[in-house]
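The values are calculated or read from the model by the stated rules, or taken from the named source; none is laboratory data. On a predicted model such as this, the values are computed, not experimentally measured, just so you know. Because the Cβ atoms are built from the backbone with ideal geometry, glycine has one as well, and the counts that use them run over all protein chains shown.
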Amino acid sequence: MMSLARLLVLVPLTSAVAAFAQTDGAEGVSNAPERPSIRFNRWQEDWSVLADPDVPREAFDEFKYIPLSSDDPKTYLSLGLNLRERIETNDAASFGLAGNRNDTYLLSRLETFADLRIANQLQFFTMLESAFAPDKNRQTPVDQDRLALEMAFVALVEPLGDGLLKIRLGRQQFAFDTQRFVSVRDGPNLRQSYDAAWVDYELGAWRGIAFYSQPVQNRDLGSFDDYSSSHLTYGGVRLERRFSDSANASLYYSQYQQDGASYTTVAGNETRNIYDGHLDGHAGPWDWDVEAMLQEGQIAQEHIRAWAFGSLFGYTLDNQPWSPRLGLQVDTASGDENPHDHELNTFNPLFPNGYYVTLAGYTGYVNLIHVKPSVTLHPMHGVKLLFAAGAQWRQTTADAVYNQPNVPVPNTSGHGGRYTGAYGQTRIEWAFTPHYAFSAEVVHFGVGPSLSAAGAHDSNYLGVQLSYGW
């Protein structure tokens, strides 16, 4: 019943879509500023454009822009919400080794927010979240949170010298690059928030960042009971350089600390010093994204030495129907080479994005070699089709095969060969209005001999999602 009630929220809001259709199809060209688009990070939207009476109107705009000063249109309050409903069916989740083999369930997430801006310098942003997974047989901490404070921060934007200083304090969300290792974690039902201090200085083509955070841990014992603590911290410094509109580079150092961490061969307090380099860009039909990460530190009495590499390459045929993009993804991450040498080589994927490999989350970015060719098509405006096939191996057979994000598959550490298995993936994304989006993904994973010897089964996933943003 809860999910039905949420879906009914969509009904009275369809008038907003109708209003958009009327303005979008009008003849003539308007010089009025465009309406803001619904963004992945809702706190980055600027609705002060609605102070201009020539901007096309939609239903409920009186709540999107509530002016608080007759002299300054940049002082206002904006309200909004996100609604995401996803039905998933998973045959042999975790390769059938973690309970029921077949599971079909609904993931429902409602987010509501208030965004207060003062003179384009101060921002007070608060977002509440209510997420349910009522039919899921085996729930995890990222599936359900009946009522939680997802974000609550204050941000300051201030010119400093020839640059711009930005400071955010409070519960917030952030991500780096393609979100391989530091993400908002939008794949599961609950996003990853951080109780953090963030300082950002932008000067021309340069950007420097310093941050300290305590990642928020979700629990669903009562309302507003999510927490963070000094037992899990993540912070660092980052330097970015924009070489052109089509080429960027970044370097960062960060430190990850977790008390009571556990791996297949060692457990204890963990400290990882992390060094990361990233390049992305495009030139003509080519695009690329390359990242490398080194980790060193200590857990219990063992030294940590681990690494990972990720890459995405593409070639787009713009002169062909549907503008096909031929893609190749190559990823690798270290595993523990020797369980008896008092050195841990198992890579820690930190806060990964489940979308990066597949939404099904069958394997994590640990002890991994992954090769994935793909074809992406654009048959019509707002529609994207992906067809991909991937093959996976272990970097070392001394370590386990891992489920997303870093859960070892039982009876695989030190047993079997390197070949993990192969999968096929089909995904469609359709943004059919500025507010509504539909997506569906199908994944079949065929396990290799080392997994089948551990009792694993071939796995099948189907996810169908409808999302709304206002």
#### Entry: Residue count, the range 369-391 (criterion: assigned to a strand (DSSP E or B), of a type outside the set (Val, Ile, Thr) and touching a residue at least 40 places away in the same chain (Cβ under 8 Å))
10
### Message
Yes or no: the range 365-387 includes at least one residue that is hydroxyl-bearing (Ser, Thr, Tyr), over 27 Å from Gly260 (Cβ atoms) and modelled with pLDDT of 95 or more.
### Response
yes
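Can you find even one residue in the range 198-208 that is on the phi > 0 side of the Ramachandran plot, of a type outside the set (S, T, N, Q) and either free of Cβ contacts under 8 Å to residues at least 40 places away in the same chain or surrounded by fewer than 16 Cβ atoms within 10 Å (Cβ to Cβ) (or both)? Reasoning before the result, please.
At the first step, the residues of the range 198-208 found to be on the phi > 0 side of the Ramachandran plot are 204.
Going one step further and asking which of them are of a type outside the set (S, T, N, Q), we end up with 204.
From what is left, the residues that are either free of Cβ contacts under 8 Å to residues at least 40 places away in the same chain or surrounded by fewer than 16 Cβ atoms within 10 Å (Cβ to Cβ) (or both) are 204.
Looking for residues that are on the phi > 0 side of the Ramachandran plot, of a type outside the set (S, T, N, Q) and either free of Cβ contacts under 8 Å to residues at least 40 places away in the same chain or surrounded by fewer than 16 Cβ atoms within 10 Å (Cβ to Cβ) (or both), one finds at least one in the range 198-208, hence yes.
Please report, ordered by residue number, the strands (runs of 3 or more DSSP E) entirely within the range 245-318 with at least 2 residues that are over 26 Å from the mean Cα position of the chain (by Cα) and either of a type in the set (Gly, Ala, Ser) or within 25 Å of Thr396 (Cα to Cα) (or both).
Passing ranges, in order: 267-283, 286-299, 302-316.
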### Query
Limited to the range 409-434, what total is found for residues that are under 17 Å from Ile369 (Cα atoms), surrounded by 20 or more Cβ atoms within 10 Å (Cβ to Cβ) and within 23 Å of the chain's Cα centre (by Cα)?
1
### Message
Going residue by residue through the range 180-202, is there one that turns out to be farther than 20 Å from Phe153 by Cβ, of a type in the set (A, V, I, L, M, F, W, C) and in contact with a Pro (Cβ under 7 Å, 6 or more places away or on another chain)?
### Response
yes
### Query
How many residues does the range 68-127 contain that are under 23 Å from Val49 (Cα atoms), free of Cβ contacts under 8 Å to residues at least 40 places away in the same chain and in contact with a helix residue (DSSP H, G or I) (Cβ under 7 Å, 6 or more places away or on another chain)?
3
### Query
Does the range 250-267 contain at least one residue that is farther than 20 Å from Val366 by Cβ, surrounded by 18 or more Cβ atoms within 10 Å (Cβ to Cβ) and either at pLDDT 95 or above or out of contact with any strand residue (DSSP E or B) (no Cβ under 9 Å at 6 or more places or on another chain) (or both)?
yes
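In the range 143-159, is there at least one residue being charged (D, E, K, R), in a loop (DSSP other than H, G, I, E, B) and out of contact with any Leu (no Cβ under 9 Å at 6 or more places or on another chain)?
We begin by selecting, within the range 143-159, every residue charged (D, E, K, R); these are 143, 145-146, 150, 158.
Retained after the next criterion (residues that are in a loop (DSSP other than H, G, I, E, B)): 143.
Filter once more, keeping what is out of contact with any Leu (no Cβ under 9 Å at 6 or more places or on another chain): none.
For the range 143-159, residues charged (D, E, K, R), in a loop (DSSP other than H, G, I, E, B) and out of contact with any Leu (no Cβ under 9 Å at 6 or more places or on another chain): absent.
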### Query
Inside the range 415-441, can you point out the residues that are on the phi > 0 side of the Ramachandran plot and at pLDDT 95 or above?
Gly421
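Could you please find all residues in the range 442-457 being crowded, with 19+ Cβ neighbours inside 10 Å and either part of a loop (DSSP other than H, G, I, E, B) or at pLDDT 90 or above (or both)?
The answer is Val443, Phe445, Val447, Gly448, Leu451, Ala454, Ala456.
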